[in-house]
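The values are calculated or read from the model by the stated rules, or taken from the named source; none is laboratory data. Owing to the predicted nature of the structure, the values given are computational and were not obtained by experimental measurement. Virtual Cβ from ideal backbone geometry, glycine too; neighbours counted across all protein chains shown. The area values use the complete protein model at the heavy-atom level, side chains included, leaving out ligands, DNA and RNA. Shrake-Rupley method; radii C 1.70, N 1.55, O 1.52, S 1.80 Å.
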Amino acid sequence: MIQLPLLIITYGALPLLLMPLTGARIISTTVILALGIVLMLHKSTRKTVCAGMQAILQKISDTVGQNAFVRNLAYCLIAAVVTVILAQIMIVTTVFSMGFLKFMWGVLIVLVAILLLYCFFGKIIPSVLLGSGIFMVISTINVYVYRFRGRLFEPVDIFSAGTALNVAENYSLLPIPLSLLIGWGIFAAMLIALHRLQRENEPGLTWKKRCMLLCICIISSIGIYFYASGLSTYHWHKEGAQFNGYILDFASKFKEISAPEPENYNTELIAGLADQYAVDRVDHESEGSDRPHIIAIMDEAFSDLSVIGEFSTNTEVIPFISSLKENAVSGYALASVYGGNTANSEYEFLTGNSLAWLSPNVVPYQQYIRSSTYSMVSYLKSSYHYKCVAMHPFYSSGWNRPAAYEHFCFDDCYFVEDFPQTNCVRDYVSDQEMFEFLIQTYEAQKDEPLFILGVTMQNHGGYTYTGENYTKSISLNDHPDEFPEVEQYLSLIHETDKAVERLIAYFQSVEEDVVIVFFGDHQPNLDEAFYETISGTTADTLDEQQLRYMVPFFIWANYEIEEKYIDCTSLNYLSSYVYEVAGIALPPYNKFLQEMEKTIPAINANGFYSPDAGCYLPFDKANEKEQRWLGLYETLQYNSIFDNENRNGSFFPVLE
């Protein structure tokens, strides 16, 4: 019964554990595993290996003696070590890349979980099953989050479970990665081996021993807390697992669920800034109906992949949007998210805040917006009497949008059940259908100034759809059918381009003044080999990484405006450009942001662009002038999000 799991250990674990020493990678591992399968079919070899493995495990049991308590503690330690190793091999090929110290801290985290359960159950098998099992489940989720989003699974993602389930059917869990099969095989083998080594009629844990273990766990947890709190965290691809070890990295990111108070936080400083950037009182009632309608479209996963590297296609991918220059402000903006977490780009645009001092995978809609919140919506409503409408042709449960929109004070909200759903691309409402719905909303309510926020769904990942509601229109000339997900994605945004052209054509013909701002929320997570092929790099530098966060935007008006091209800004600044095109006075917060943009022209969760350095920098590399602006921005943002009692009403007025 135990032979197969033991062989999985022999021919699965050993090659992976030897990788850091031998430099072996996927090919060599596959060869070794193939040899293992051949040996499994040879009966005498199989018996010999199993007998040897059984003898080794029995030797461990004999070494710790007849004391059941000591023996079980040894089993707990072994299980913790194995679990940390398995968590690593599931996501990276180097088990000990984080160093021995961090490896042992990871072991301690798992060991504490197992020992706490051992205190409760008094039995080793259920303690290891649940204690190690929870980390195995987390590690498994991590594998798929990385596959679909290009980043590691973090504690803040737990808040997004409902949204993930909404779109799960559009992703395929197959093929199951080899690392998962090996990992779970080894885990099952460990449980079976522990079960076979358990002796009958072992005495249970005394209360004295339970209390001792509980004290050890408490002291260890305190040590873990302080060590993990001071640990540097990484968010680019697999760096967290490589530099910290996945389990330790996961634990260290609990601190990112909330933001600490900025150093030298001072509400009097904020009051002084409010006076400095105050807006002169204007009688907006006298402006009548001259205010333009404002339509903001955040298009799902819309991007221009040519910013990463050159590639050729059978036809131009986004010809209309690329050529839209007349009466338009256009360019590229930095988002703080890549491959997902759409709501964070929406949040940055609407509020002017940045994820720079929040975890890039925190979603403020879910964690921070609990009451009336300042945004473009509250400003346009209170100062210019706009009617504000939000629409999103997908489930309302995604990202807690109904509650967030209520706290932003939108007047009307529309979700997928409000759309006819007669024009779908793959399994989503098409951009064309959403734009038609937007036009109907505009026509029905255009007698008063409108602010319409539309968040599309058509281009959402994954890109493996094979049904009838999709036609491939874009192919890669130099790599035909080599990257099918890329070609499906490019075909989708090609459809978006055509839908945008029809939308602009419609609003060119209306009598009322209309401003349309269009931007992508993030780039898609596509085959890493494609990115490396077109860029010739593995995105090791911050400058190269930031290219993955660039999204195109344009602000167009159906009346004459100054045309402008912006090489790079960021989504938190975008509302200022919209206000200027619409002829609306900048509120105090946007006046501050506009002044800051002169020194910090682009900022996101990864860092900022420094004109003085001529490149992107992490925040701890800012010079004195840059540090001053970043510090003021962090202080204002903290006041806006977290300091409810002392929130500055001049910077952040809200509607009740």
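Cross-link partners of K446 among lysines, defined as those whose alpha carbon lies under 27 angstrom from its own and excluding same-chain residues fewer than eight positions apart: K325, K381, K387, K498. Under 18 Å from the Cα of K102, which lysines turn up, not counting those fewer than eight places away in the same chain? K102 reaches K238, K253, K255.
Over the C-alpha trace of the stretch 319-358, radius of gyration and Dmax come out as 13.2, 37 angstrom. Based on protein heavy atoms only, the stretch 333-481 ends up with 31 Å² per residue of surface accessible to a 1.4 Å probe.
Accessible surface computed residue by residue for the stretch 513-586, with neighbouring protein chains in place and a 1.4 Å probe, gives 32 Å² per residue. Bridgeable lysines around K123 (alpha carbons under 17 Å apart, same-chain partners fewer than 8 residues away excluded): K208, K209.
Evaluate the charge dipole of the stretch 544-648 about its Cα centre and quote only its size in Debye, nearest 20, assuming +1 on the Cβ of each Lys and Arg and -1 on the Cβ of each Asp and Glu. Write down the numbers at each step before the final one.
On the way: 8 positive and 15 negative charges, 25 e Å.
Using only the charged Cβ atoms, the result is roughly 120 debye.
Summarise the accessible area of the chain (1.4 Å probe, protein heavy atoms) by the percent that is carbon and sulfur.
On the way: 15900 of 27810 Å².
Solvent-exposed carbon and sulfur of the chain make up 57 percent of the total.
An ellipsoid equivalent to the stretch 474-583, defined through the eigenvalues of its Cα gyration tensor, has semi-axes of 32, 20, 9 Å when rounded to whole angstrom and sorted largest first. Treating the Cα atoms of the stretch 561-656 as identical point scatterers in vacuum, please give the log10 of the normalised Debye intensity I(q)/I(0) at q = 0.24 Å⁻¹, two decimals. Taking Cα atoms of the stretch 561-656 as identical point scatterers yields -1.32. For the pair the stretch 591-656 and the stretch 175-193, the centres of their Cα atoms are 47 angstrom apart.
Per-residue ellipticity at 222 nm, computed for the chain from helices alone with -39500 (n - 2.57) per DSSP H run of at least four residues, works out to -15500 deg cm²/dmol.
Looking at the chain, what % of its DSSP beta bridges pair antiparallel, to the nearest 5?
Numbers: 20 of 46 bridges.
Given both bridge residues lie in the chain, the antiparallel proportion sits at roughly 45 percent.
Membrane-span-like helices of the chain, defined as complete DSSP H segments with a Cα extent of 15 Å or more along the helix axis and a mean Kyte hydropathy of at least 0.5, are identified as 26-40, 68-89, 100-121, 124-149, 178-197, 207-229.
Taking square-rooted eigenvalues a ≥ b ≥ c of the alpha carbon gyration tensor, is the stretch 345-472 rounded, prolate or oblate, where a/c under 1.5 means rounded and, failing that, a/b exceeding b/c means prolate? Oblate, since a/c reaches 1.5 and b/c is not below a/b.
Could you give log10 I(q)/I(0) at q = 0.05, 0.06 Å⁻¹ for the chain, computed by the Debye formula over C-alpha point scatterers of equal weight, without solvent? Listed by q, the Debye log ratios stand at -0.28, -0.40. Extension gain for the segment I218 to T94, taken as residue separation times 0.36 nm less the Cα-Cα distance, is 41.5 nm to one decimal. Kindly identify the stretch 421-511 as rounded, prolate or oblate by the Cα gyration tensor criterion: order the square roots of the eigenvalues as a ≥ b ≥ c, call it rounded if a/c is under 1.5, otherwise compare a/b with b/c, prolate if a/b is larger, else oblate. Verdict is prolate for the stretch 421-511. Taking 7 Å steps out from each Cα toward its Cβ at S509 and I176 produces label points 5.6 nm apart.
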